[in-house]
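A short worksheet on the structure shown next.
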Amino acid sequence: MDLDKLSEAEIEELKERCRRALDVTPDDAELLTELAVLELHDLQVPHGAGVELLQRAFDLDRRDSISFHNYLNVLAEVADEEEIDEVCLQAIEAGNVAAMFELGVRLDERDEPGEAVPHLRRAADNGHAEARSYLAAVEREVGDQNGPR
C-alpha cells in the first residue's frame, strides 16, 4: 500500500482499525508492525508510538527476522551502536539467525573482525547463505582467529 497516496483521514482510519484489531489480538506482530508503519509514516526522525510498536512486535518473537529487521531499521535512525548491538544480542539469544549475521557484519564494519567471526560462523552454520560468503571474506582478510573449523 502506498501511504503517500492516502489522505491523512484515510491514514487515521487505518490506524484506528489496527488499534481495534489489536484490542482483540494484542499479540499480533503483523498488526503491531502495520500500526507502527502508519505511525511512522511521513516522519523525518522515527520516534514515539511507532518505535514502541515495533519493539513490541520484536519482543513477541525475537526469532522472527522480519520483526527484527523492522525494529533494527528504525533503531538505526534513533539509537546508538550499543543499543543496536544489544537488540542483536537479544535476538541471537532467541536463536535469530539474521541477527547473528547482522551483528557479525556490524562488528566487521567497525573493524572488529575477530569479534565478528563467531557470529558470522554461527549464522553460516545455521544455513545463512550470505553469512557463509561474508565469513569466508572476513577469514581471508584477517585469518581465522578461532582455529580451523
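Here are some residues: 80, 108, 144, 64. Which one is modelled with pLDDT of 95 or more and out of contact with any Asp or Glu (no Cβ under 6 Å at 6 or more places or on another chain)?
On the way: 80 fails: modelled with pLDDT of 95 or more; 144 fails: modelled with pLDDT of 95 or more; 64 fails: modelled with pLDDT of 95 or more.
After ruling out the rest, the residue left standing is 108.
Can you tell me which residues in region 82-117 are of a type in the set (D, E, K, R) and within 11 Å of the chain's Cα centre (by Cα)? The answer is 85, 102.
Tell me the residue from 59, 64 that is closer than 22 Å to residue 33 by Cβ, touching a Phe, Trp or Tyr at 6+ places or on another chain (Cβ under 8 Å) and among the acidic types (Asp, Glu), please. I'd like the intermediate steps shown before the answer.
Values: 59 fails: touching a Phe, Trp or Tyr at 6+ places or on another chain (Cβ under 8 Å).
After ruling out the rest, the residue left standing is 64.
The values are calculated or read from the model by the stated rules, or taken from the named source; none is laboratory data. The structure presented is a predicted model; accordingly, all values stated were derived computationally and were not measured. Neighbour counts run over all protein chains shown; Cβ positions are idealised from the backbone, glycine included.
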